[in-house]
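One structure is given below, encoded as C-alpha cells.
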Amino acid sequence: MGITKKYWSSLDELQNTAAAQEALTSEFKRDQSVQDFLNDENLNESNTGRRDFLKFMGFGLAAATLAACETPVVKSIPYVVKPEEITPGVANYYASTYYDGNDYGNLLVKTREGRPIHIKGNKVHGIAGGGLNSRINASVLGLYDGARLKGPKKGGADIDWNSLDSELKAALAAANNIRIVSNTVISPSTQRAINEFSAKYAGKVKHTQYDTVSYSALAKAYGGSVPTYDFSKAKTIVSIAADFLGTWLMPAAFTSQYAQTRKPEGEWMSKHYQFESNMSLTGSNSDVRTAIKPSQQGAIAAALYAAVTGGSASGVEGADAAIASAAAALKANAGASLVVAGSNDPNVQAIVAALNTALNNDGTTIDKKSPLNLFRGSDEGMAALVDEMNSGSVDVLIVYGVNPSYSWMNADKFNSGLQKVKTSICFNLFADETSSRCTYMAPDHHYLESWNDYSPMKGRTDLAQPTINPLYNSRYAQESFLRWSDNADSYYDYMRATHNGGYTAAMLKSDNNWNTAVHNGTFAAAVAVAAMVTPVATDATGAAAPAAPAAAPVAAEAPAAPSMNIGEAMAAVSSAKSGEWEVTFYQKVTMGAGNHANNAMLQETPDPITKVTWDNYVTMAPADMTEMGLETYIGQCDCASLVTVTVNGKSITLPAMPVPGQKRKTLGIALGYGRGAGNEEIGKAAYQTGRAGVHLTEGDKRQTIGGNAYPLVAMNGGHASYTSSDVTVAAAAGTYSIATTQMHATVMGRDSVIKETVIATYLAEKGAKRGEASYNLAVTLPVHADVNKDGTIDVNDRQSVRDADLWRDHPVEGVGHRWGMTIDLSSCLGCGACITACHTENNVPVVGKDEVLRHRDMHWMRIDRYFSSEHQTIQIADTLANTKEATEKGTIGAYREMENPEENPRTVHMPMMCQHCNHAPCETVCPVAATVHSNEGLNNMAYNRCIGTRYCANNCPYKVRRFNWFNYVTNDKFAMVNPAQDDTLRMVLNPDVTVRTRGVMEKCSMCQQRIQAGKTEAKRNGTTVLDGMIQTACAEACPTQAIVFGDLNDATSKNAERANSVRSYHALEEVGIQPNIYYMTKVRNIEATEA
Amino acid sequence: MKRLSRSFISKILVPFSAAMFLTFNAFGGVFEGGDAAKGESLFKANCASCHKTSEEVLAAPGLKDVDVRWKGKDALIVKWIQNPQAAAASGDPYIKGLRDKYVPTFGWMAGQAVSEADIKDILAYVKTAADAAAPAGGAAVNKCMTLEEIKAEKEKNEESDGTVWFIIIGSILAIIAVAAANISKSLKNAINEREGLPPVAELSYWQSSKAWMWANRKFVSVIGLFLFCYFSVVGYKSLMDIGVYDGYTPDQPVWFSHAIHNCQNEIDCNYCHSSAVKSKHAGIPSVNVCMNCHKGIKKGAITGTSEIQKIYDAIGFDPTTGSYIQGYEQKPIVWNKVNNLPDHVYFNHSTHVSVGKIDCKNCHGPQNMYTVGHVPTADEINSQEDLVGLVKLEKRPFTMGWCLECHNKKEVDLAGSAYYQQMHERYKASEVGQRTLREIMEDGSATVRELGGWECGKCHY
C-alpha cells in the first residue's frame, strides 16, 4: 500500500498557526495596508500638483513619441582577422578544469565569440561522469567581476610587473627566511615552479600548505593522503557527519557515484545511514538518519567498530537502534560497504579507517592505492608558520591560493604576524582580506584565463586551458615564481616541458598527443605523489634540504598503513567531552568555504535545506528555540531572533533558524560567510544591500553578509576541529529578517504533489503498469453519472481525469515532437546544480535579498523541499511501542513523541519548474495570447506580447511563473547584485536568450533556444533528432541524471521509457492539466514498518 | 577594375610525356567527362573569388581555354591546384611564365583542398560556363549596373537632401506673407484716415484670422475636414512606419559596392557572408576575407583605390610593397548595421539558407544591383522575376507580418530530409497524427506554418 503522509514545508504549516494560515491565503505578503500608506506623513512631502502631473505626463508622452521616431543606428564591428575556429553565433566548447583549493571539477566551457558564458561537466572524460555542483558551474561569474585587481599593486598604488620583479628579487636576495603559504598544490607544473624557486633560494624557502577546510585527520589516518572513495560500489553506506553529497571532499564526483545505486530499477539499491547533528544535504537523502551530538561521533564510530569486530561497546544515547541496524547491514555487505566520517579528529578517523579495513572495504569502495592529491594541507604546519611570523623571523611571505586573513582559525594572530614580515606578496585575484594586508598584490589569472595541469589523484592528470585572453594586467603566479628564479619561460612552455618526460612520461611530447589531451581535458599519467611535495617543506627541522631534481619521475609509493593505535583511539573517543550545548561548523552547499562570496548567483541560490538566500545563521532545533523563547516562524518579516553563540571564548551573533532534524541542544553555523569585514574590494555582491539598492554600512564599512565563523574554529591536537562542546548560547537583542524562498509556495494540502514508497512495495509491484501500482494509482474523479453501472450514482462512480476535461486537446501526442522531462525523485538529491545552470543559460535576473523577502525571486526553477511526518499514528504507535524508547515512555509518551515529528523528519527534494501542461490553465486566461501552446508540447511565453496582467501566475497551480517587477538591467536598486548591471559581468549573458524587461511574466521555456538549435542542426545535417542531442541546461547539469529531457514521442528515447515506467506520475494529476513533466515516485530503502 | 588584354596569354605548346598521357587516358583526362553541375558549386565555393571563367583577370588569370593551355599536362594541373609551390618546383616553363606574371602582383594561390575528381568537375564547369558566356556576348554582365550607373549612384548619395530647402523657402514665404498683410493693413488704415473713417480695429493675428474663418466658414470647414483626414492618414502611416526600415541605406565607412563584387565579379554571397550557412548570423566579413582578393587587386574603377586603402589601413597592409606591416595596430571597420531585427526576435540564417534553401535575394532583394547594403522594398524583391523559387510577399520587408506571410506560403521539402521523413512516419502512426496530417496535406503541400512556423516560441524566447 501507499504511504499516506502529511507533507509540510515549514513548522508553522505543520502546527497550523495563525500566521501560517494567513500565509496560505495570500501568495504575497501584505506589506502595508492602504490606511497605513495614506496616513504616512512622508507622503505629503512628495506632493505633486494636478497641473504638474499633467505637464509631466504630456511632456513624457511627447518625448516618448519623438524618441520612437528616431531611427537608431546600430554599429556592427567584425573582426579584422577572424580566428578560424570562431563563427559568430555558434558556440565553442573547451575542456578545462576547476580547482580552488576546496572544489574540483572537470568542465566544458561554453564560449560565444570568445567569451566564456556557461560551464557544464565534462561527461566523457571527467571524474565520475563529470558531475559538477552549483559552486563550480556558477564560477564563470567570477571571471568578469569588476572588482578584480586590474594589475599589480604595491601598498594600494599601481606598480608595473618589472619594478615588482626587481624589488621583490632584491627582497628575496636579502632574505634569510622565505615562506610560501598556499592551498594544497596539485598542479605538477606549479609544484615544479615552486621547486625551482626553492632551489634558487636554497636553504631559505619553506612551503606550507593548508586547506581552508581541513581534512588533515583523514589524511593522517591513511598515512598522509586521503584515499579515493567509490560510493557506487557500496551497498551499505554509513556516514558519520560527513556531508559527502554537499561539501565533503569531492561532492560532485560522489554525487554521481551515489546516485547510481539509488535508482530502484537497478540490481540493488544502497542503504544509507547517516548520523549527524545538523540536517545536511546528505542527511536529508539518507534512508535512516539519526540525530546525534557532535561529541558522539567518536562513540558511534567506536560502537560500529565494536559491533562489526564482535567486541563490546557501551551504548550511544539515542542511537543504539540505528547503530545495531547499521552494523548488521555493514557486516552483511562486508567488502561492499563504506563508512565515512566528517570529523577532523584523528581518533575518529583512525577508528573509521580500521572499521573499513575490518569490513574488507579497502580495495573495493576505498582505494588507498590511488590516493587523492587534494587536501594534503597541514593545520599544524600553518600554526607553526603563524608562530614563526609572529616571532619576526620571516623576511618574505608569499601567499598563493589561500586567504588566511579571513579563513585561518586564528586570523588575528596571522595578521599581527603579517605585519612583522618584511615583504609579503599575495597572488589572489582580489584585494581581499589577505592581499590588502600584503606589501604587494600580484594578481594571478582567473582559471578561465589560464593554462594549468592538475593531478587530483594518482594516475590522473587533468588540463585546464584558457578560454579567453586575460581581461586585466594579471600574470600567472607560476610565472612570478619563475621570474624570481631568473627563468623567463612562459608558463605554457614550462607546463609543456613538464609533460615532456619530466614528471610524467614523455607521452605528451608529440603535438598530436598533447592536442588530444587538451581536447579531452585529461590524460592518464601517473604523477607520483612524492613529486607533488616541495622538498624543503617535508623537512621537519625547518632546515633546508636541497630541491629534488625536477627531471626524475618518482616511482609511486603506496601510502603507509594507518599509524594510529586503534585501542588508543577507542579510549580517546570514549572520553570525548560533551557539553550542554554543542556546535558544528559546516559548509553550506551554495557557499562552500567562502571563495564565492561575491557571486550573486550563488548567494541567491537557496540553501537546499533551509531555503535561505543571502545569509548565514545558527541552525537550531525548533524545540530548543521555543524553550529559549526565540521566534520559530521565519516568515518574510524582521522576525528572526538573534542569538549570540560563544565558542571557546569567542562570540558571534547571528539570527537563529529553526531546522527540523537538528539534534536537540546542538547548533550549526556555516563557514564561508562574513567575507570582507575590513571593507575590502572583493566584489559588490559580497556586501549587504538595502532596500534602496545601496550597500548597508556600519560606520564607514560596508556590512558583510552573515558573520565569519572561522575564528570560532579551534585547534585540537594539531587538527582544526569543526565541532566544539565548549559552547554557550544566549538570546541577543533585536530581530533580523531572513530571506527564504519556500514560504510563499506552500503545498496547500495537496498531498498528490509527492509520491513515495518503500523498496519492498516497489519490488512487489515492479511489473505493474503505470497507474496501477498501489503507491501510484491513476487519479480518478467522482462523477455524477452511473459509470460502474450498478444502478446508483455514488462515490464509486469514478472516471479518469483525462475523460473529465475542460480543454480542447492539442495534437501533440504521437505527432511530431513532444518535448518533456522526467524527474526521478529517488535520484534528485537537491544539490541545486540545476538552478545555477538554468541561471547562466537563461539570463535569469538576480534580484537581491530585499526582493527575495518580498517573494519576488526570479528563479525559473526551484527545488521544493518538503519534510514529511506520519499520518497513521496508530500503526506508528505500534511500531514505536516495540522500541525500547517507546516502551519506556509508554503509549501516551509515544503519542506525545509523535507530536514532534520535526525532531527527525524525512525529506523530499522536488525540482519544480514550468510543467508545460498540455491543457495549461495559464494559456486560457491570458487576455493577449502571450502564452500559448506549441505543437511540440511546449507552453511558449512571448515576452513582447505580454502586458503583465499576471492572470497566468494566478492560475498556475504550480506557482512557477515569475513576474518581472523591475528593469533589473537598469534599475539602481539592483546595481550591486545584478550581473547585467556591471560593465564586465554583463558579458556572461547568453546572447541566444532575451534579457527580459519590466512588466512581463517569465518562466521556464524548457530551454527553447537549445531545442530550436538542436532541430536546426538535425535538419541541416539531414538527420533525425537523436535522443540526447538536445539537452536542457538543468538536465545537462544534473550530476545524478535525476532530470532527463527528451522527446516523449520518440518511443526509443530514455525519457519516454522513464515516462512510461510504473513510478512516473504527474504532480497534481487530479487537476487534469496533463503536464509534459513527469515525476518518478521516490523509493526509500527502508522497511515498510520504518516508513 | 583594370581590364587586361588577353595578349599576354601565350599558348605554349610543350611536349608531354607518354606516361602522363597514358595515366590520364585511363580516366579520360581531367579535362573530359566531369560533372559541370557539381563543378559549378565547387567553383563558386573555392575558385570564384579570384578566378573568372572568362578571360578576365580578377585576382588571378581568367580560366577560359584553360584546357587548351594545359593540354596534356593533366597531372601537373592537378598538382598545381592542390599545391602550387610544389608544382612550380617541377620546373615546367609554362608554370614559370605564370609565376613571373602573377605572383609578384597577386601572391601565391593557396593550395586548394579539392580532389582530382573535384578538379575534373570544376574544369568541366569552366568549359561550359566559358562556352555559354561566349555566344550571349556578356549578357550576364549587361544585367549588372554599369560603372557609370554605379558612379551616378555614388554621386546621388553625396547630394544633400532637398527637404531642408523646402522648409527654408516655406518659412521665408510665410514671413513675406505676414509682412504683406501688415503692409496691407497699414495702407488700409492710411486710406481710412484720409477718408475720415475709423481705423481698422487693432486685432491680433489670431482674432483677425478667426474673423476671416468665420466669414468663410463653409470653405474653412471643408478644408479643415480635408486637412484632418489628410493628417490622420499621414500620421497613421508614419506611425506604422516606426521600426520599419525598407529602403534604408545607411552610409558606410567603406563605400563598398555589391554591384561590382557580387554582380560583375560573380562572387557568391556566401563567400563573404560565410557564416550564413552554419550560424544565425550571416556576418559581416572580417578584413582578412577582403584581403584574399585585395592583396592583389589594389585599384578600382571608380573610387576603388581610396576605398581599398581603407581596408589596408584597417589590417595594416602596404600596397606598394605588397606585404603586411609588422606590429601594426589593427583598427576594425565600424559598419552601420543595415538589416537590424529587434533583440526579442530570434532569426537564424542557417535555418533559412541551409535548411530552407531560400535564396539570399528572396529577403535581401537584388543586392547585387546595389552598392552599399540596402534594405529592399517589397517591390524590389518581387521584381526579380527570374529568381527561381521566389516567394512574392506583399507586406513590408523585415516586419513580422512579412515573416508570417512567407511562413504561410513557403512549402517545406518533406522528402529531402531524414528529419521530415521521421516526422512523417510519426504522423502516420497515430490516429491524431493521421487526422492532423490530412489537414496539413489537404492542399497537397505542407507549409512552414502548418508545421508550427507561426508559433510565438519559434522566434521569440
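The values are calculated or read from the model by the stated rules, or taken from the named source; none is laboratory data. These numbers come from a predicted model, not from an experiment. Every residue, glycine among them, receives a Cβ derived from its backbone with ideal geometry; neighbour counts consider all protein chains shown.
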Task: Scan of the stretch A:1000-1035 for residues that are at the interface with chain B (Cβ under 9 Å from one of its Cβ atoms) and of a type in the set (Ser, Thr, Tyr), ordered by number - done: A:Ser1005, A:Thr1016, A:Thr1023, A:Thr1024
Open item on the list: Can you tell me how many residues within the stretch B:51-67 are over 13 Å from B:Ile81 (Cα atoms), in contact (Cβ under 8 Å) with a residue 60 or more places away in the chain and in a loop (DSSP other than H, G, I, E, B)?
Closed with: 7
Open item on the list: Looking only at residues that are in contact (Cβ under 8 Å) with a residue 12 or more places away in the chain and out of contact with any Pro (no Cβ under 9 Å at 6 or more places or on another chain) in the stretch A:785-802, which one is surrounded by the fewest Cβ atoms within 10 Å (Cβ to Cβ)?
Closed with: A:Ala785
Task: Test for A:Thr212: is it outside any loop (DSSP other than H, G, I, E, B), within 30 Å of A:Lys588 (Cα to Cα) and modelled with pLDDT of 90 or more - done: no
- [ ] Give the stretch B:277-311 a look and list any residue that's of a type outside the set (Val, Ile, Thr), more than 18 Å from B:Ala60 (Cα to Cα) and in contact with a Phe, Trp or Tyr (Cβ under 6 Å, 6 or more places away or on another chain), or say none.
- [x] B:Ser286, B:Glu307
Task: Residues of the stretch A:924-956 classified as more than 10 Å from chain B (Cβ to nearest Cβ) and on the phi > 0 side of the Ramachandran plot, total - done: 3
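Conditions (1) under 19 Å from the mean Cα position of the chain (by Cα); (2) crowded, with 16+ Cβ neighbours inside 10 Å; (3) more than 10 Å from chain A (Cβ to nearest Cβ), marked per residue:
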{"site": "B:Leu239", "(1), (2), (3)": "no, no, no"}
{"site": "B:Tyr245", "(1), (2), (3)": "yes, yes, no"}
{"site": "B:His261", "(1), (2), (3)": "yes, yes, yes"}
{"site": "B:Lys299", "(1), (2), (3)": "no, no, yes"}
{"site": "B:Phe317", "(1), (2), (3)": "no, yes, yes"}
{"site": "B:Thr321", "(1), (2), (3)": "no, no, yes"}
{"site": "B:Gly327", "(1), (2), (3)": "no, no, yes"}
{"site": "B:Trp335", "(1), (2), (3)": "yes, yes, no"}
Task: Selection count, the stretch B:381-404, where residues are buried (at least 18 other Cβ atoms within 10 Å of the Cβ) and either over 19 Å from the mean Cα position of the chain (by Cα) or of a type in the set (Phe, Trp, Tyr) (or both) - done: 3
Open item on the list: Being modelled with pLDDT under 90 and crowded, with 21+ Cβ neighbours inside 10 Å narrows it down to one residue among A:Asn776, A:Asn716, A:Asn708; which is it?
Closed with: A:Asn776
Task: All positions within the stretch B:324-341 that are farther than 25 Å from B:Ala276 by Cβ and of a type in the set (D, E, K, R) - done: B:Glu329, B:Lys331
TODO: Working carefully through the options A:Leu374, A:Leu397, find the one that is crowded, with 23+ Cβ neighbours inside 10 Å and either more than 24 Å from the chain's Cα centre (by Cα) or modelled with pLDDT of 90 or more (or both).
DONE: A:Leu397
Open item on the list: Yes or no: the stretch A:237-246 includes at least one residue that is part of a helix (DSSP H, G or I), among the hydrophobic types (A, V, I, L, M, F, W, C) and more than 30 Å from A:Ala656 (Cβ to Cβ).
Closed with: no
Task: Leading residue by the ranking (farthest from the chain's Cα centre (by Cα)) among those in the stretch A:1044-1089 that are under 17 Å from A:Gly1028 (Cβ atoms) and away from chain B (no Cβ under 14 Å) - done: A:Glu1057
- [ ] Quick one: in the stretch B:273-312, of everything that is closer than 18 Å to B:Ile150 by Cβ and of a type in the set (A, V, I, L, M), which residue is modelled with the highest pLDDT?
- [x] B:Ile308
TODO: With respect to B:Val287, determine if the residue is within 14 Å of chain A (Cβ to nearest Cβ) and crowded, with 20+ Cβ neighbours inside 10 Å.
DONE: yes
Task: Criterion: surrounded by fewer than 19 Cβ atoms within 10 Å (Cβ to Cβ), in contact with a strand residue (DSSP E or B) (Cβ under 9 Å, 6 or more places away or on another chain) and not acidic (Asp, Glu) - qualifying residue of A:Lys293, A:Lys331 - done: A:Lys331
Open item on the list: Filter the stretch B:337-371 down to the residues that are of a type in the set (Lys, Arg) and either away from every other protein chain (no Cβ under 13 Å) or touching a Cys at 6+ places or on another chain (Cβ under 8 Å) (or both) and list them by number.
Closed with: B:Lys361
- [ ] Consider only pairs whose beta carbons are under 9 Å apart and that are at least six residues apart or on different chains; among these, list those whose first residue lies in the stretch B:339-350 and is at positive phi and surrounded by fewer than 18 Cβ atoms within 10 Å (Cβ to Cβ) and whose second residue is among the hydroxyl-bearing types (Ser, Thr, Tyr) and in a loop (DSSP other than H, G, I, E, B).
- [x] none
TODO: Scan the stretch A:968-986 for residues that are of a type outside the set (Lys, Arg) and within 14 Å of another protein chain (Cβ to nearest Cβ) and jot them down.
DONE: A:Val969, A:Ala980
TODO: Starting from residues that are of a type in the set (Val, Ile, Thr) and within 14 Å of chain A (Cβ to nearest Cβ), keep the ones in the stretch B:304-315 and report whichever is surrounded by the most Cβ atoms within 10 Å (Cβ to Cβ).
DONE: B:Ile315
Open item on the list: Being crowded, with 22+ Cβ neighbours inside 10 Å, in contact (Cβ under 8 Å) with a residue 12 or more places away in the chain and charged (D, E, K, R): is that true of A:Glu1036 here?
Closed with: yes
Open item on the list: Against the conditions (1) assigned to a loop (DSSP other than H, G, I, E, B); (2) of a type outside the set (Gly, Ala, Ser); (3) without any contact (Cβ under 8 Å) to a residue 40 or more places away in the chain, where does A:Asn278 fall short? Just the number, please.
Closed with: (3)
Open item on the list: Just to check your reading of the model, which residue among A:Gly816, A:Gly830, A:Gly791 is among the small types (Gly, Ala, Ser), in a loop (DSSP other than H, G, I, E, B) and within 22 Å of the chain's Cα centre (by Cα)?
Closed with: A:Gly830
- [ ] List the helices (runs of 4 or more DSSP H) that sit entirely inside the stretch B:382-461 and contain at least 3 residues that are modelled with pLDDT of 90 or more and more than 9 Å from chain A (Cβ to nearest Cβ).
- [x] B:400-409
- [ ] Scan the stretch A:601-622 and give yes if some residue there is over 14 Å from the mean Cα position of the chain (by Cα) and either more than 21 Å from A:Ala709 (Cα to Cα) or of a type in the set (Gly, Ala, Ser) (or both), otherwise no.
- [x] yes
Open item on the list: Can you tell me how many residues within the stretch A:434-457 are assigned to a loop (DSSP other than H, G, I, E, B) and surrounded by fewer than 24 Cβ atoms within 10 Å (Cβ to Cβ)?
Closed with: 5
Task: Those residues of the stretch A:803-827 which are surrounded by fewer than 19 Cβ atoms within 10 Å (Cβ to Cβ) and away from chain B (no Cβ under 14 Å), in sequence order - done: A:Asp803, A:Ala804, A:Asp805, A:Leu806, A:Trp807
Open item on the list: Checking A:Glu85 against (1) touching a strand residue (DSSP E or B) at 6+ places or on another chain (Cβ under 7 Å); (2) surrounded by 17 or more Cβ atoms within 10 Å (Cβ to Cβ); (3) within 14 Å of chain B (Cβ to nearest Cβ): exactly one of these is not met. Which one?
Closed with: (2)
